[in-house]
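Heads up, the thing below is written out as structure tokens.
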Amino acid sequence: MTRPRTLDAAEIIGLLPHRHPFLLLDRVEDLIAGESAVGVKNVSISDPVFAGHFPGRPVFPGVLLVEASAQTCGIVLAATMDTPVLGYLASIKRFKFIEIVRPGDRLRIRANVGVSVGALTEFSVELRSDTSVVASGSLAVALAES
């Protein structure tokens with residue numbers, strides 16, 4: 001049985017091509033390479049997006065919730081190779097935004113592998129803040145050819 005791993009920011013940077021300000025994950029927990037992981041995003045008022053979204057009523061954009069989910073999926077795939085991989089978000093299906101995410105929230109993004117066909121892997125994702133589900137859906141990630 002594979003033991004879950006935890007990745008810190010430096011290890012995440014070693015597996016994803018994203019960099020500040022677009023690297024959205026602070027930590028990854030319960031990583032089982034090729035199967036699942038929980039990405040952690042600490043939403044802070046100092047995140048650059050809050051300069052314009054929205055002044056006086058900061059809301060973390062839904063599109064960045066999708067991106068943080070896709071980055072978590074990328075970690076699940078990259079961890080099977082222990083080397084950086086380039087993956088592209090290939091599809092977004094049945095994504096629902098249930099609650100507004102604001103500064104101070106700590107997101108836990110669970111990504112579980114579904115069907116894989118060639119370089120394309122589908123994931124189910126669920127994002128939680130405290131005990132509430134804030135968003136969920138299905139994403140597919142396509143790995144780029146080397």
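The values are calculated or read from the model by the stated rules, or taken from the named source; none is laboratory data. Note that the structure is predicted; figures quoted are calculated from it, not measured. Positions of Cβ are backbone-derived with ideal geometry, glycine not excepted, and every protein chain shown enters the neighbour counts. Please note that ligands, DNA and RNA were not included when accessible areas were found on the heavy atoms of the full protein model with its side chains. Shrake-Rupley method; radii C 1.70, N 1.55, O 1.52, S 1.80 Å.
Scan the range 38-56 and give yes if some residue there is of a type outside the set (S, T, N, Q), touching a helix residue (DSSP H, G or I) at 6+ places or on another chain (Cβ under 8 Å) and assigned to a loop (DSSP other than H, G, I, E, B), otherwise no. Working first, answer last.
Taking the range 38-56 and keeping what is of a type outside the set (S, T, N, Q), we get 38-41, 43, 45, 47-56.
This time we only want the ones that are touching a helix residue (DSSP H, G or I) at 6+ places or on another chain (Cβ under 8 Å), so: 38-39, 41, 49.
Next, from what is left, pick out any that are assigned to a loop (DSSP other than H, G, I, E, B): none.
No - not one qualifying residue is present in the range 38-56.
In the range 96-111, the residues that are on the phi > 0 side of the Ramachandran plot form Cβ pairs under 7 Å with partners that are among the aliphatic types (A, V, I, L, M) and in a loop (DSSP other than H, G, I, E, B), at six or more places apart or across chains, as follows: Gly104/Val43.
The test for being out of contact with any His (no Cβ under 7 Å at 6 or more places or on another chain), in a helix (DSSP H, G or I) and farther than 23 Å from Leu139 by Cα does not hold for Ala70.
Consider the range 84-123. How many of its residues are polar (S, T, N, Q), open to solvent by less than 60 Å² (accessible area, probe 1.4 Å) and within 18 Å of Glu35 (Cα to Cα)?
2
Take the range 1-51 and flag every residue that is surrounded by fewer than 17 Cβ atoms within 10 Å (Cβ to Cβ), under 25 Å from Gly104 (Cα atoms) and touching a Pro at 6+ places or on another chain (Cβ under 7 Å). Listed by number, the residues that qualify are Pro21, Asp30, Ser44, Ile45, Pro48, Val49. Based on this model, can you work out whether Leu25 counts as in a loop (DSSP other than H, G, I, E, B) and among the hydrophobic types (A, V, I, L, M, F, W, C)? Here the answer is yes, as Leu25 does meet what is asked.
Filter the range 1-36 down to residues that are farther than 18 Å from Leu64 by Cβ and either touching a Ser or Thr at 6+ places or on another chain (Cβ under 6 Å) or of a type outside the set (Ser, Thr, Tyr) (or both), then give me how many there are. Before the answer, list the steps.
Going residue by residue through the range 1-36, those that are farther than 18 Å from Leu64 by Cβ are 1-8, 10-11, 13-15, 29-36.
Among the residues that remain, those that are also either touching a Ser or Thr at 6+ places or on another chain (Cβ under 6 Å) or of a type outside the set (Ser, Thr, Tyr) (or both) are: 1, 3-5, 7-8, 10-11, 13-15, 29-35.
Looking only at that region, the number is 18.
Kindly establish whether Glu67 is open to solvent by 30 Å² or more (accessible area, probe 1.4 Å) and either in contact with a Pro (Cβ under 7 Å, 6 or more places away or on another chain) or under 22 Å from Arg128 (Cα atoms) (or both).
Working: open to solvent by 30 Å² or more (accessible area, probe 1.4 Å): yes; either in contact with a Pro (Cβ under 7 Å, 6 or more places away or on another chain) or under 22 Å from Arg128 (Cα atoms) (or both): yes.
Criteria met by Glu67.
Candidates in the range 124-140 are the residues that are under 18 Å from Glu67 (Cβ atoms) and of a type in the set (S, T, N, Q); of these, the one that is most open to solvent (accessible area, probe 1.4 Å) is Ser124.
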